[in-house]
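Presented below is the structure to which this report refers.
What follows draws every value from the coordinates through simple rules; no lab data is involved. The structure presented is a predicted model; accordingly, all values stated were derived computationally and were not measured. Here Cβ is always computed from backbone atoms with ideal geometry, including for glycine, and neighbour counts include all displayed protein chains.
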Amino acid sequence: MVEKLLGYDRLVVRCVDGHTRLCRIRGKMKRKVWIKEGDVVLVSPWDFQSETRGDVTWRYTHNQVDWLAKNGYIPQDWT
């Protein structure tokens, strides 16, 4: 879940595994997808600094978040 927007293509994301990561929006998504605080996103951790850094690879819609919570992929309080 996106906690804070830092500007340009950087944001702070709280992940299900308990880590808070500084993530960047991939160039492919940068101009096509608008991300705001509270959105549920898919993060790909980097190979190095995997606990603190990552890339945002997908933003889920509201219906997708409901489905993920209903089927147990994310906690219910994230909806």
*Cleavage-rule hits, GluC sites (Glu not before Pro), the chain, DSSP coil, Cβ neighbours within 10 Å at most 13*: Glu37, Glu51
*Around Lys4: net Lys/Arg minus Asp/Glu count, Cβ-Cβ under 10 Å*: 0
*Rounded if a/c is under 1.5, else prolate if a/b is larger than b/c, else oblate: which is region 2-78, with a ≥ b ≥ c the root eigenvalues of its Cα gyration tensor?*
oblate
_trypsin sites (Lys or Arg not before Pro) within region 1-45, DSSP loop, no more than 14 other Cβ atoms inside 10 Å_ = Arg26, Arg31, Lys32, Lys36
_Charges at C-beta only: +1 for Lys and Arg, -1 for Asp and Glu. How large is the resulting dipole of region 18-57 about its Cα centre, in Debye rounded to 20?_
340 debye
